[in-house]
Amino acid sequence: MRLQYPASVRVIQLPCSGRVDILHLLKAFEEGADGVYVAGCMEGDCHFLTGNFKARRKVNYVKKVLEQLGMEPERIEMYNMSSAEGPRFAQVAREFTQRIQELGPSPVKAAQAA
Amino acid sequence: MKAGSNLEKVLSAGHFAVTGELGPPQGNKAEEVRHKAAHLKGIVESVNITDNQTAVVRMSSWAACKILLEEGLEPNYQMVCRDRNRLALMSDILGATALGIKNVLCLSGDHQRFGSHPESKNVYDLDSLQLLAAFKKMRDEKKFLNDKDLEGAPEIFIGAAANPFADPFSFRVTRLAKKIAAGADFVQTQCIYNMDKFREYMKQAVDRGLHEKVYILAGVTPMKSVGMANYMAKFVPGMDVPEAVIKRLKGVDKKDQAKEGIKMAIEQIEEFKEMKGISGVHVMAIEWEHRAREIIEGAGLLPRPQVD
Amino acid sequence: MIVGDSKPLEEILEMIKGRDKVLVLGCRGCVTVCNVGGEKEVGILATALRIARKKAGQPPTVDGMTLERQCDPEYIEELAEVAGDYDAIISIACGVGPQFVAERYPEAAVFPGINTTFIGGALEHGVWAERCQSCGNCLVHNFGGLCPIARCSKSLMNGPCGGSAKGNCEISPEVPCVWHQIVEKMEKMGRLQELEKVWPNKNWLTSRDGGPRKRVREDLKQ
C-alpha cells in the first residue's frame, strides 16, 4: 500500500500512545505546531492495557490548557486506529489537516511572525 | 422547678404539652412576628423561635423571643452552634434570661453551605451536646465553662432536638441518651412522617428508660400539598417521608390536599397521645401558623391547661 | 501530605502581567507527590506560560527550577544566585513556599501558582481527600481511627447530627458522613459502647484558633 497523506503531518513514533506526555504535546504548540493529534490503538486493544486511555486523558488535559490560553481546543485531538488500518491512518491525517487548515495558523506562530 | 417556665410547669404537672414554632422574618419588621404570634396565642405552651433556620439570615432569635414575651407568649429560644462561639453562646443565654426568656433549645444548626450565605465561615466551637452541658453547668453549678463563678446564673429549661430518622438509625437512641446525659430537660423531635420507624425508635427509648429522664415531644408538621411532601422527601436532609404519605395526599383533589394534610397531622397526634414515652407534641406549622389552631383543636388539645 | 490545586492559567497570567523574566519554582515535597508542584508540573506550567507569551508577542523568558523543598531555608538558599534575575517568581509549592522565598529574598516579586487545599492523602491515583485539620491534639483513636474534627462538616465531637442521610453528609451526597463511618467502624470493632461518652468541649488553643503556631525543639535547636 502506498497511501498518500498530507506532507504537513510530521510523525513522531512512540512505543505506545500512553508514553505521550502533556509536556510533549505542549512543546509542540510552543514550537509553533498548528495542531497536534495522537494516534493510539483501538480502545481495548492496548498491549499495555490502558495506554491509549491515558493518552486520551492527557489530550483532554491539554485541550483545557489551550482553552485557558485562549486557543481552540480543537487544535489537539485523540484518534484510535488499528495498526492494520493504513487507509484509516491516511484518512485521519487528511481529516485533521483539513480541520487545522480551517482553523488557520496557530496564534503562537502568527504572533512570532508579526 | 429548673426555670419555672410555663412549658416546664405543664410538663411536670403531667399534662400532654403542645409547643409551636415561629420563624422570624428576613427583615426587622416586629409586626410580622406579632402577627404570626397572634395565631399561636393560647393554643400552645410555648413557641420555638428559630435561629437563622436553614442557615438563612433572619431577625435574631432572642429579639423575636422578646417580642413574643411582650405579646404574652412564652418563647423557646433556639440557639445554633454554627454562628457563635462559646463566648457568644454564654453571653446570649445570660442576656436572654435577663430579658425573661426561660426555655432554650440547643442545636448544631444546618450547615451554611445550603443557606443564604454559603461563603461564610462557620464556628462549631461547641457542638449541640456541649452546648447543653454548658447551659446545664451555668444553671446548676452557677459557673462559666472555665469554672469561674457566675454573678447571677440563668434559670433555664433546656431543650434538645432529636432526629429519629437520620442515619445510622441504630445509633439514634444512643444519641438521644447522650443528649439527656449532657443536660437536656426536654426533647423535640424532627417532623415525623414514618410512624413505623418512630414507633421502633420510641420502643428503644422506652426500653432504655429515657422517657423517665426527659420529656419527649413528638414533632408534627402538616403537609400542605403533594408538592411539599415531594420536596420534603427529596431535598430536606434527614427527613423520612414514606411513599404512603405522598400517595394518600395524591388520592385527594388538589384543593383538598391541605385539609387532608391537617387530618393526617391530627391522626398522628391522636396516636402520640397514647404512645408510651411521649409527653407532648411540637407542632411546626411552617409559614402556616394560622392553621395551627385547626390541628391542635382537632386533636382535642384545647383549651390548654393552666398550671401555676 | 499537603494537597494543592493548580491556579487557573488566566489568574497566573494576570499576576505576572508586565513582568518579563519569570521563574516557575517547584518543590520536590508534598506537591510533587500530589502532582501539582513538582518538576513535571514546573515544565508544564513554564511551557504553557511561554506559549501564552509567544501568542501575545511578548518575550517568552520563562524558566523552571525545582527545589528539594521550599519549606526549608537550606534549599531556598539555592536560589541566591538567580533570584535577582527574575521579575517574577511563581512558587508552585504549598503556601509555605512563596512565603519562605519572599522572606529570604525581600526584593523578589513572588507569586503563588497553586492553591493549598488541605492535609490529606491519595484515595487512588488522581483522587485526594482531607484527613487532618492540624488541631494540635489528636483524638482519632477514640473514633475508630477517623477524625470528626477534619471530616465532619461541623466538626462535631458528639455526632452524627440530624442531617446525616444514607451515609452521607447533609452538605452533599458526595460527602460521606464521617460519623456514620465512625459508628459503623466502632460497631464492627465491638466498641460501640465507647461512643456513649459525651465528649466535653474541645480545647482549641492548640489549633489555629490559639493564634499562629510555632514549635521549638530544644533538643534539635542549634
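The values are calculated or read from the model by the stated rules, or taken from the named source; none is laboratory data. Given the structure is predicted, the values throughout are model-derived calculations rather than measurements. Note: ideal-geometry Cβ built from the backbone for every residue, glycine included; neighbour counts use all protein chains shown.
General observations
- Taken over the stretch B:184-197, the residue count meeting the criterion of being in contact with a Phe, Trp or Tyr (Cβ under 8 Å, 6 or more places away or on another chain) and in a helix (DSSP H, G or I) is 1.
- Subset of the stretch B:268-301 [exposed (fewer than 13 other Cβ atoms within 10 Å of the Cβ) and within 21 Å of B:ALA13 (Cβ to Cβ)]: B:GLU274, B:LYS276, B:GLY300
- Residue list for the stretch C:66-78, filter: buried (at least 16 other Cβ atoms within 10 Å of the Cβ) and in contact with a helix residue (DSSP H, G or I) (Cβ under 7 Å, 6 or more places away or on another chain): C:THR66, C:LEU67, C:ARG69, C:GLN70, C:CYS71, C:ILE76
- Subset of the stretch B:24-61 [within 15 Å of the chain's Cα centre (by Cα) and of a type outside the set (D, E, K, R)]: B:PRO24, B:LEU40, B:VAL44, B:SER46, B:VAL47, B:ASN48, B:ILE49, B:THR50, B:ASN52, B:GLN53, B:THR54, B:SER61
- Of the residues making up the stretch B:258-266, none is surrounded by 14 or more Cβ atoms within 10 Å (Cβ to Cβ), touching a residue at least 60 places away in the same chain (Cβ under 8 Å) and not aliphatic (A, V, I, L, M).
- Scope the stretch C:193-220; condition within 19 Å of B:SER170 (Cα to Cα) and assigned to a helix (DSSP H, G or I); matching residues: C:GLN193, C:GLU194, C:LEU195, C:GLU196
- Lone unmet requirement of (1) buried (at least 21 other Cβ atoms within 10 Å of the Cβ); (2) in contact with a Phe, Trp or Tyr (Cβ under 8 Å, 6 or more places away or on another chain) for C:ALA52: (2)
- Residues being closer than 27 Å to A:LYS109 by Cβ and not β-branched (Val, Ile, Thr) - total across the stretch A:28-56: 13
- Any hit, the stretch A:1-20, residues being within 11 Å of chain C (Cβ to nearest Cβ) and of a type in the set (Val, Ile, Thr): no
- Residue within the stretch C:113-135 that is more than 14 Å from chain B (Cβ to nearest Cβ), crowded, with 19+ Cβ neighbours inside 10 Å, not in a strand (DSSP E or B) and not basic (Lys, Arg) present: yes
- Qualifying residue in the stretch B:23-44 (condition: closer than 21 Å to B:ALA133 by Cα, touching a Pro at 6+ places or on another chain (Cβ under 8 Å) and surrounded by 20 or more Cβ atoms within 10 Å (Cβ to Cβ)): no
- Some residue of the stretch B:248-259 being of a type in the set (Gly, Ala, Ser), in a loop (DSSP other than H, G, I, E, B) and at pLDDT 95 or above: yes
- Filtered by the rule that a residue be assigned to a loop (DSSP other than H, G, I, E, B) and within 14 Å of another protein chain (Cβ to nearest Cβ), the stretch B:66-87 gives B:CYS81, B:ARG82, B:ASP83, B:ARG84, B:ASN85.
- Some residue of the stretch A:23-37 being more than 26 Å from C:ILE12 (Cβ to Cβ), touching a Gly at 6+ places or on another chain (Cβ under 8 Å) and surrounded by 13 or more Cβ atoms within 10 Å (Cβ to Cβ): no
- Unique match (being outside any helix (DSSP H, G or I), of a type in the set (Phe, Trp, Tyr), surrounded by fewer than 19 Cβ atoms within 10 Å (Cβ to Cβ) and at negative phi) among A:PHE48, A:PHE53: A:PHE48
- In the stretch C:23-43, the residue that is farthest from the chain's Cα centre (by Cα) out of those that are surrounded by 24 or more Cβ atoms within 10 Å (Cβ to Cβ) and farther than 18 Å from C:GLU78 by Cβ is C:GLU41.
- Lone qualifier among A:ASN80, A:ASN60 - being surrounded by fewer than 15 Cβ atoms within 10 Å (Cβ to Cβ) and within 15 Å of A:TYR37 (Cα to Cα): A:ASN60
- Entry remark, the stretch B:152-167: residues being within 17 Å of B:LEU89 (Cα to Cα) and free of Cβ contacts under 8 Å to residues at least 40 places away in the same chain number 1 in total.
- Within the stretch C:17-56, being away from chain A (no Cβ under 14 Å) and not charged (D, E, K, R) holds for C:GLY18, C:VAL22, C:LEU23, C:LEU25, C:CYS27, C:GLY29, C:CYS30, C:VAL31, C:THR32, C:VAL33, C:CYS34, C:GLY37.
Yes or no, residue by residue, for (1) among the charged types (D, E, K, R); (2) within 23 Å of B:LEU129 (Cα to Cα); (3) without any contact (Cβ under 8 Å) to a residue 24 or more places away in the chain:
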site	(1), (2), (3)
C:PHE111	no, no, no
C:ASN137	no, yes, no
C:GLY144	no, yes, no
C:GLU170	yes, yes, yes
C:GLU174	yes, no, yes
C:GLU194	yes, yes, no
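- Scanning the stretch B:222-238 for residues that are away from chain C (no Cβ under 14 Å) and part of a loop (DSSP other than H, G, I, E, B) yields B:PRO222, B:MET223, B:LYS224, B:SER225.
- Scan of the stretch B:112-133 for residues that are among the charged types (D, E, K, R) and more than 10 Å from chain C (Cβ to nearest Cβ), ordered by number: B:GLU119, B:LYS121
- Criterion violated by B:MET264 - all others in (1) within 30 Å of B:ALA3 (Cα to Cα); (2) at pLDDT 95 or above; (3) assigned to a helix (DSSP H, G or I); (4) not β-branched (Val, Ile, Thr) satisfied: (1)
- Flag not set for C:GLY190, criterion: part of a loop (DSSP other than H, G, I, E, B), at pLDDT below 95, farther than 21 Å from B:LYS121 by Cβ and small (Gly, Ala, Ser).
- One residue stands out among those in the stretch C:139-168 that are more than 8 Å from every other protein chain (Cβ to nearest Cβ), hydrophobic (A, V, I, L, M, F, W, C) and outside any loop (DSSP other than H, G, I, E, B): the one that is surrounded by the most Cβ atoms within 10 Å (Cβ to Cβ), which is C:PHE143.
- Selection of the stretch B:114-133 for residues being part of a helix (DSSP H, G or I) and at pLDDT 95 or above yields B:SER128, B:LEU129, B:GLN130, B:LEU131, B:LEU132, B:ALA133.
- Subset of the stretch B:134-183 [in a loop (DSSP other than H, G, I, E, B), more than 11 Å from every other protein chain (Cβ to nearest Cβ) and either on the phi < 0 side of the Ramachandran plot or among the β-branched types (Val, Ile, Thr) (or both)]: B:PHE144, B:LYS148, B:LEU150, B:GLU151, B:ALA153, B:PRO154, B:GLU155, B:ILE156
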